[in-house]
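Presented below is the structure to which this report refers.
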Amino acid sequence: MTGSTPPEQASASGAPDLTALAAITDAVEAGAGLPEILRAAARALDASLVLIDRSASVLAVAARSPADERSLMRDAHDVSTIELKVAEAPVGRLRMRSRDTAPEPSLLRLVSTLIASEVERVRAPERASEEVATAFQRAVLDRRMHDRDDLVARGKELGTDLSAGGSVIVVRAHPRRATEDDWRRRLLAVSGRGARSIAPGTIAAPTRDDGGEVALLVPDSYGDVARRVCAAILRELESGLPGFAFAIGRSRRAADPLELHRARNEALLAVNVVEGDAERSTLGFEESGTYQLLLPHMNDPAELGRFYDETVRPLVAYDEQYETDLLGTLATFLDCDANVNATAARLITHRHTIRYRFERVRELTGLDVSSTDGREKLSLGLKAMRVLGIAAPRGPATEPGAEGGRVPR
């Protein structure tokens, strides 16, 4: 068979096997697939190669051994990365380690261009299908489809059966350190892979703002599928995206597919509530407690924003300006059932300092934590803040009079 010579039989002198260049075009013309094309390219360049697509999925490998393959994926000093583009649009990357001498730049450019063209040809139908699936998912979740039979039929055309209902999952990732620009594509790929290992018809798509958030539409005929999908996604993310923090929100099952827009709001509420929680990464809507009271306002963020503005926003502004922790103290106080001594013990702070901070809260908001009405409004303001996805500023308590637990007399 043309191009069947193993990569390790390259010229001992280090010169590239130019006859392998014809083997690349033979493999392309014969439709032999990316693995065979990459093997021919490895012979032409006298190098070990790994071909990776835009979502960081490995498409093909031409290496001497599994150890050689693993080392190609690391940023070793002798491994170079070639960006593959077609008409200036990125289609993937080629990881290369030369075995003796570096290939001629003109030869490398020619081979990489051939590979890029083939990647684009092979992956274009798949991307077109992904675009159709993304458009369908958004139409369903934005409630732009009103005929149940049409919705179910279009879903089945895309390989997803929503006739018995479905759930929605929202996944967010935040890098803890500087990382490469394509991590959002990898987030989409890894989340989708984890979900489809449990629910094969799942449709994964990035949200419109492309801010490190993925929405997944999960066929769910009996209510427990989404829970297992969340667990599978988290496992894949922890192994596939090290160095990231994750938040995953899950809706309840919508028995009627026309109600999946409600499920989207539930998942968004859940992911906003769990984001930043140090103790867990996933949350189901049914586990969100009194936050559920705010669900009717998810379609009207302006109303939630108004309530936030009228309650805890002044505390956020004060904390940001003075690096205090009025908001955190308030949240802890409410978690401790309005017990000042328990709050002070949890924060390892003198109770007089806690009372001093609550005086600041009253001055800034007009709400008194010692009254039931004040506590209820501040509690709902905190919940509105989390549902809106507003991060709380955190800093040392440096407000005047708080030093060492002392307050002015």
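Every number in this text was worked out from the coordinates using simple rules, so none of it is lab data. If you're wondering where the values come from, they're calculated on a predicted model, not measured in any experiment. All Cβ positions, glycine included, derive from the backbone under ideal geometry; neighbour counts span all protein chains shown.
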(Q) Please list 3J(HN,Hα) in residue order for the stretch 245-253, calculated via the Karplus relation 6.51 cos²θ - 1.76 cosθ + 1.60 where θ = phi - 60°; whole Hz, with x for glycine and proline. (A) 9, 10, 9, 10, x, 10, 7, 6, 6
**Q.** In Hz, Karplus ³J(HN,Hα) per residue of the stretch 109-121 (6.51, -1.76, 1.60; θ = phi - 60°; x = Gly, Pro)
**A.** 5, 4, 5, 5, 5, 4, 5, 4, 4, 6, 4, 4, 5
Q) the stretch 309-385 to the stretch 81-153: how many Å between their Cα centroids? A) 50
Q.
Quick one: 3J(HN,Hα) in Hz for the stretch 132-147, Karplus 6.51/-1.76/1.60 with θ = phi - 60°, rounded, Gly and Pro as x.
A. 5, 5, 5, 4, 5, 4, 5, 5, 5, 6, 8, 6, 9, 10, 10, 9
**Q.** Choice from 283, 269, 107 with maximal GNM fluctuation in the chain (Cα, 10 Å cutoff)
**A.** 107
Q: Between 347, 315, 72, find the one with the highest GNM mean-square fluctuation for the chain; connect C-alpha pairs within less than 10 Å.
A: 347
Q: Please give the length that would be gained between residue 76 and residue 139 if that part of the chain were fully extended, namely 0.36 nm times their separation in residues minus their C-alpha to C-alpha distance (nm, one decimal).
A: 18.2 nm
Q | Extension gain, residue 30 back to residue 370 (0.36 nm per residue minus Cα-Cα distance, nm) | A | 114.5 nm
(Q) Exposed loop sites here are GluC sites (Glu not before Pro) in DSSP loop states with at most 14 other C-beta atoms within 10 Å. What is the longest stretch of the chain lacking them? (A) 181-278
Q: Taking just the C-alpha trace of the chain, give me its Rg and Dmax in Å.
A: 27.7, 92
Q | Most fluctuating residue given options 223, 289, 381, as computed from a GNM of the chain linking Cα atoms under 10 Å | A | 289
